[in-house]
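The values are calculated or read from the model by the stated rules, or taken from the named source; none is laboratory data. These numbers were taken from a predicted model, which means no experiment stands behind them. Don't worry about glycine lacking a Cβ; one is built from the backbone with ideal geometry, like all the others, and counts go over all protein chains shown. Quick note on the areas: whole protein, heavy atoms, side chains included, nothing else; ligands and nucleic acids left out. Shrake-Rupley method; radii C 1.70, N 1.55, O 1.52, S 1.80 Å.
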Amino acid sequence: MKLTTAGESHGKALTGIIEGLPSNLKLNTEEINNLLALRQSGYGRGARQKIERDRIEILSGMRNGFTLGSPLAFLIINKDYENWREYMSPENCDTSKRVLTRVRPGHADLTGIIKYDQSDARNVLERASARETAVRVAAGSVFIQYLRNFGVEISGYVKNVCGIADESVYTFKEIGKAKQEPLFMLNSEKQEEAMRLLDKFKEEGDTAGGVIEIRVNGLKSGFGSCMQYSTKLDAILCAAAMSVQAIKGVEIGLGFKAANLAGSKVHDEIFYKDNRFCRETNNAGGIEGGMSNGEEIVLRAAMKPIPTLMKGLKTVDYLTKKPATAAGERSDVAAVCAAEIVLESAVACALAEIVSARLGGDNMREQLERYKNLR
Ligand code: EPS
């Protein structure tokens, strides 16, 4: 299973192709649209989200609500393209307007302009933009619906906004309520404090990041492998999370905290009760030896603050080489809620690939039978 995405932030549309979906997977497009709307939500989002109304249009690979086993191709229209058509059209457009040379620290602008031999960072930033994550979320919903057939559920919440941290431990059921909250946080005092901080940052033209926790419930043991480095489940999930724009750190289970503790405080002791092996703790975050161990998978990702600051950081104009203030017309103050949805989707994408590769089979019936027969 493989997802390919295309599309510029202010181009006509974003598109995606998923190859390798089994046939007879029932897909609900309203569920996809609801996840797309959630990605656009969250406290701290900027003016662009008032323009866009992301909805999926499926072009191929599905008939009467079921996949066919052929590539699933889809698009999401960028409504803002109407305001950008004269500068962004694939042919005969005016590229002299909307030029960006006051390259933004932390964005792809400067390295991209050099690497792709451009004189306008727009030719790079349009693709580097987190707008691309809309496609990943549309596909993510497809993968989430696929995984649900095997009893696998993915959820998450925001743990920390710019250092305002909720250190509580929640059950999988409890975190299901997070998406009703303005910042997807479960501690209301911390959430209010974080919202006040974002209000302050908005006034000051600054931005914030945070920490997001993603959990996977219900996956049987043995997904991923200890036999080759490239097949380790933790390596694959961390790479998937790191591929999300603005993510700068990822940990599984206790993660960095494990380095400070004795082995006796870290490793989850094994018991045998009611005819099954079990553990009373889950410090490993559901993965041992690069394989799922049947416990909940726990992954946390750290998002850096958005690099477009309205107050503008010091930079150098790429063309004049003179000191300048970095470009900024509009920006999100924080996009931690969007990142939570995108991370769920990225994890779902990686897991769907791993599950379908282990199961093989061309249709859902074959895959479901094989999953049922796994130990
Ligand atoms: C982004 C810049 C902003 C964000 C965008 C990501 O867009 P614009 O330049 O149009 O104001 O709103 O995110 C989205 C459009 C989105 O849908 O998430 C960037 O530079 O990464």
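Taking the 1.4 Å solvent-accessible surface of the stretch 150-298 as the whole, the part contributed by carbon and sulfur is 52%.
Per residue, the convex hull spanned by the alpha carbons of the stretch 127-259 comes to 152 Å³.
Taken per residue, the accessible surface of the stretch 260-375 reaches 54 Å², heavy atoms only and a 1.4 Å probe. Contact order, relative form, for the stretch 175-237: 13 percent (alpha carbon pairs under 8 Å, 6 or more residues apart, mean separation divided by residue count). Relative to the longest principal axis of the Cα atoms of the chain, the long axis of helix 29-40 makes an angle of roughly 60 degrees.
Positive-end ranking of S221, L72, Q191 along the dipole of the chain, with charges on Cβ about the Cα centre, is headed by L72. Per-atom-type breakdown for the stretch 64-120 gives carbon and sulfur 48% of the accessible area (1.4 Å probe, protein chains only).
Using the Karplus relation 6.51 cos²θ - 1.76 cosθ + 1.60 with θ = phi - 60°, the per-residue 3J(HN,Hα) values for the stretch 327-339 come to 5, x, 9, 7, 7, 6, 7, 8, 9, 5, 5, 4, 4 Hz, with x marking Gly and Pro.
Taking one equal scatterer on every alpha-carbon of the stretch 245-297, how large is log10 of I(q)/I(0) by Debye at q = 0.16 1/Å? So the normalised log intensities work out to -0.54. Comparing V152, V298, V99 in a Gaussian network model of the chain, where Cα atoms under 10 Å apart are tied by springs, the biggest mean-square fluctuation is seen for V99.
Once the Cα atoms are used to define both axes, helix 133-148 deviates from the longest principal axis of the chain by about 10 degrees.
Counting only protein heavy atoms and a 1.4 Å probe, the stretch 1-146 has 48 square angstrom of accessible area per residue. Between the alpha-carbon centers of the stretch 304-340 and the stretch 165-215, tell me the distance in whole angstrom. Computed from Cα coordinates, the inter-centre distance equals 23 Å. Among I341, A13, C238, which residue has its Cα positioned farthest towards the positive end of the charge dipole of the chain, with +1 placed on the Cβ of Lys and Arg, -1 on the Cβ of Asp and Glu, and the dipole taken about the Cα centre? Selected residue: A13. Using the Cβ atoms and a cut-off under 10 Å, what net charge is assigned to the surroundings of D268, where Lys and Arg are +1 and Asp and Glu are -1? Result for the neighbourhood of D268: -3. Note: relative contact order over the stretch 129-241, using C-alpha pairs below 8 Å and six or more positions apart, is 30 percent. Largest first, the residues H10, H107 sort by 1.4 Å accessible area into H107, H10. Roughly how tilted is helix 188-204, in degrees to the nearest 10 and between 0 and 90, from the longest Cα axis of the chain? So the helix axis and the longest Cα principal axis differ by about 20 degrees. In sequence order, the stretch 156-165 has phi-based couplings of x, 7, 8, 9, 7, 10, 6, x, 7, 10 Hz under the Karplus curve 6.51 cos²θ - 1.76 cosθ + 1.60, θ = phi - 60°, and Gly or Pro positions carry x.
With a Förster radius of 25 Å applied to the beta-carbon distance between D94 and R53, the computed FRET efficiency rounds to 0.40.
For the chain, the calculated P(r), taken from all Cα-Cα distances in 20 Å bins from zero up to the bin holding the longest distance, is 27, 56, 17, 1 percent.
The accessible area of L186, taken with all protein chains in place and a 1.4 Å probe, comes to roughly 50 Å². Magnitude of the charge dipole for the stretch 75-142, about its Cα centre and with charges confined to Cβ atoms of Lys, Arg (+1) and Asp, Glu (-1), is about 240 debye.
Only Lys, Arg, Asp and Glu carry charge here, each on its Cβ (+1 for the first two, -1 for the last two); on that basis the stretch 231-330 has a dipole of about 760 debye about its Cα centre.
With contacts taken as Cα pairs under 8 Å and at least 6 residues apart, the chain reaches a relative contact order of 23 percent. Using a probe of 1.4 angstrom and keeping all protein chains present, the accessible surface of the stretch 174-234 works out to 51 square angstrom per residue. Applying a threshold of 25 Å to the alpha-carbon distances of K26/K273; K50/K179; K159/K200; K50/K322; K177/K257; K179/K314 flags K26/K273; K50/K322; K177/K257; K179/K314 as lying beyond it. Accessible area of L68 (1.4 Å probe, protein heavy atoms only, ligands and nucleic acids ignored): about 100 Å². Label-to-label distance, S41 versus M242, with points set 7 angstrom from Cα along the beta-carbon direction: 3.2 nm.
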